[in-house]
Ligand code: T1G
């Protein structure tokens, strides 16, 4: 057996097995590329080798190019050179795929003469999620193997496919099970066709015969995002159809080089690492999570039901608890319906739906929490009600059980104080719909035991969530910053903007929905109840509520509704003008850029305060929260990353303007923001220093 850095070459009779082992996910960094080249040189020189199997580990064939290398000079050999070397080997090379083959990893497999996959394999070209396109021949080779339509869908969405789908698409030649990579060695002995993928043209013919095909297929895929990368993906696949392989590859390279230097890809690469960094809670060394085999959820409403499904989907049996039979029946029926819909859509099999539903048990009365290792309370958002529930949980829950509340803004310490075990209490703030949204804001209280935080973080991972640990304050991180944006939106109406101008500015920025359309969807009465509970006023929103305009559910809010279709309503302009008049505010036209700044900069300013107070540990944590809980556009990296792109000096100055114009103290630039701006630094610099 020969060793070339992270690559080993073993012989199995006349087959050479080249194995990559570069933990954690066989990222194709320079050491792995050099090791592969050396291994190929060794094999090429040995005439007794009749075939080669290229293999990875159980976790990953390869997770792609090493993202940490982007932005710095790439060492030779580059990935394209390695793939050409594979393609030009004098004997058949078979890629044996178990675990993931993503990005450059799948491009490497496409350089092989055949591909076999194990049933657990996941294959895809997710570069678009990093603001890039496949840069090592993927946009040229994939269409030649699976056809243009399938290739466009895989490349523009970046979503992976499984082994069975890959075989049906022609991406893999066989689906194997049994020993890895042993079964591939047997297969390799049967491979005689050493045709290179780059030389195949047959799968391109349908697109050549139908010039409109690419645009027809691409149009719905491009709708999903305003970013540059998806369009570049389509252009590159088009080149595969219209140009010879080498010209198409050169074009792909050119597009890649442009994107990799751009802000969008930098933003999305930041988001990739921020999401992973955010899940590393800063805990005392040696902190151990507690075992969790069983869960309970208090409340079978929309949130409670969704949370219970998260546990069931992760294989954890869960008891859903209600006080009344009717409420329990409604909750369990909604869960059953959601699973039936998922099975109908094919996102899960009917058997999986049945299995998951079977893990959820409905129960009347809090007694049902007795054997749970973790309990998540999701009852009505009222402090009195929550304290009552927690006092009961304190009496009934077993010692060591984690007591979590799903409150979205109430004081965790006050809730914890209603028990004799505040160390076991914390916030686990899920986002609606809980079984879909990835974010989990884990809120530590003053007394929360590090082991309890570690347990919540581990449970978050098991539920497939992006779990971010934050401190306790009103609205925690996400809602606290959202509150500043809502305040700004309200003030913009009074100053002269219309609801559609404000919403338009935010959707142009990249959000799927603006603040007013979102309020109309959620219901204005919810916001009114919270404002009333905390003695806060919002003149326009209050006036709309006084007029019974709660949004879609009453057919009118900031807009008039025909079903879900919103149209501007002159009555709203009248109400706004009246409220502005009462406050002595003269309304005036406001430019779209200023609207965007006035919505986004106050959020960033609040983010700076949150960092200063230690409520969030890193600016990247704030970004991960907004990316996974509030649909912040991925190609803008998150509010704190975006702030560094804009430059803190500009944001400081604009906030100063807004503060002088409105007298609103919340708009006074935060000390941290001012300090960094004065020093010509960004939040990323502060994070580096704090690390
Ligand atoms: N490069 C560098 N580090 C990577 C990496 C990569 N490609 N993939 C993962 N890591 C690190 C990650 O930061 C984490 O580090 C650890 O590995 C485990 O990851 C030329 C241009 C593979 C599905 O987009 O989607 O190829 O936090 O926690 O949940 O065309 O990682 O432990 O220090 O996510 O099991 C294209 C990116 C690259 C895939 C595993 N590839 N990775 O998920 O573990 S661009 C991708 C993933 C490219 C070519 C182009 C996932 C995963 P740490 P993890 P996981």
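Couple of notes before you dig in:
- Flag if residue 8 is modelled with pLDDT of 95 or more and part of a helix (DSSP H, G or I): no
- Residue count for segment 463-480, restricted to those that are on the phi < 0 side of the Ramachandran plot and assigned to a loop (DSSP other than H, G, I, E, B): 7.
- Boolean, residue 638 is over 21 Å from residue 594 (Cβ atoms), touching a residue at least 12 places away in the same chain (Cβ under 8 Å) and over 30 Å from the mean Cα position of the chain (by Cα): no
- Test: residue in segment 543-552 that is modelled with pLDDT of 95 or more, part of a loop (DSSP other than H, G, I, E, B) and out of contact with any helix residue (DSSP H, G or I) (no Cβ under 8 Å at 6 or more places or on another chain): no
- Tally of residues being near the ligand (Cβ under 7 Å from one of its atoms) and out of contact with any strand residue (DSSP E or B) (no Cβ under 8 Å at 6 or more places or on another chain) across segment 123-138: 8
- Elements of type helices (runs of 4 or more DSSP H) in segment 130-188, at least 2 residues being more than 24 Å from the chain's Cα centre (by Cα) and under 30 Å from residue 266 (Cα atoms): 138-146, 148-157
- The lone exception for residue 310 - which of (1) under 30 Å from residue 215 (Cβ atoms); (2) out of contact with any helix residue (DSSP H, G or I) (no Cβ under 8 Å at 6 or more places or on another chain) it fails: (1)
- When residues of segment 313-334 are limited to those that are under 20 Å from residue 437 (Cβ atoms) and touching a strand residue (DSSP E or B) at 6+ places or on another chain (Cβ under 9 Å), the one surrounded by the fewest Cβ atoms within 10 Å (Cβ to Cβ): 316
- Selection within segment 410-432 - assigned to a loop (DSSP other than H, G, I, E, B), in contact with a strand residue (DSSP E or B) (Cβ under 9 Å, 6 or more places away or on another chain) and within 18 Å of residue 616 (Cβ to Cβ): 431
- In segment 343-366, the residues that are in contact with a helix residue (DSSP H, G or I) (Cβ under 7 Å, 6 or more places away or on another chain) and under 16 Å from residue 332 (Cβ atoms): 353, 356, 357, 359, 360, 362, 364
- Members of segment 99-113 found to be within 22 Å of residue 78 (Cα to Cα) and more than 8 Å from the ligand (Cβ to nearest atom), listed by number: 101, 106, 108, 109, 110, 111, 112, 113
- Members of segment 646-684 found to be surrounded by 15 or more Cβ atoms within 10 Å (Cβ to Cβ) and more than 24 Å from residue 491 (Cβ to Cβ), listed by number: 675, 676, 681, 682, 683, 684
- Pairs linking a residue in segment 52-79 that is closer than 20 Å to residue 265 by Cβ and in contact (Cβ under 8 Å) with a residue 60 or more places away in the chain to a residue that is more than 6 Å from the ligand (Cβ to nearest atom) and in a loop (DSSP other than H, G, I, E, B), with Cβ atoms under 6 Å and 6 or more positions apart or on different chains, are 65/28.
- The residues of segment 503-524 that are closer than 20 Å to residue 554 by Cβ and not in a helix (DSSP H, G or I), listed by number, are 513, 514, 523.
- Some residue of segment 26-44 being within 12 Å of the ligand (Cβ to nearest atom), assigned to a loop (DSSP other than H, G, I, E, B) and more than 29 Å from residue 163 (Cα to Cα): no
- Residue in segment 139-148 that is in contact with a strand residue (DSSP E or B) (Cβ under 6 Å, 6 or more places away or on another chain), at pLDDT 95 or above and on the phi < 0 side of the Ramachandran plot present: no
The rows are residues; the columns are (1) buried (at least 21 other Cβ atoms within 10 Å of the Cβ); (2) in contact (Cβ under 8 Å) with a residue 40 or more places away in the chain; (3) not in a helix (DSSP H, G or I).
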site: 434; (1), (2), (3): yes, yes, yes
site: 446; (1), (2), (3): no, no, yes
site: 454; (1), (2), (3): no, yes, no
site: 461; (1), (2), (3): no, yes, no
site: 482; (1), (2), (3): no, yes, no
site: 487; (1), (2), (3): no, yes, no
site: 492; (1), (2), (3): yes, yes, no
site: 497; (1), (2), (3): yes, yes, yes
site: 501; (1), (2), (3): no, yes, no
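- Checking 57, 120, 68 one by one, the residue that is within 9 Å of the ligand (Cβ to nearest atom) and on the phi < 0 side of the Ramachandran plot is 68 and no other.
- If you go through segment 559-590 and keep only what is assigned to a helix (DSSP H, G or I) and in contact with a strand residue (DSSP E or B) (Cβ under 9 Å, 6 or more places away or on another chain), you end up with 571, 572.
- Residues (buried (at least 17 other Cβ atoms within 10 Å of the Cβ) and within 16 Å of the ligand (Cβ to nearest atom)) located in segment 278-312: 278, 279, 281
The values are calculated or read from the model by the stated rules, or taken from the named source; none is laboratory data. Note that the coordinates shown come from a computational prediction; the quantities given were computed from them, not determined experimentally. When we count neighbours, we look across all protein chains shown, and the Cβ atoms used for this are built from the backbone with ideal geometry, even at glycine.
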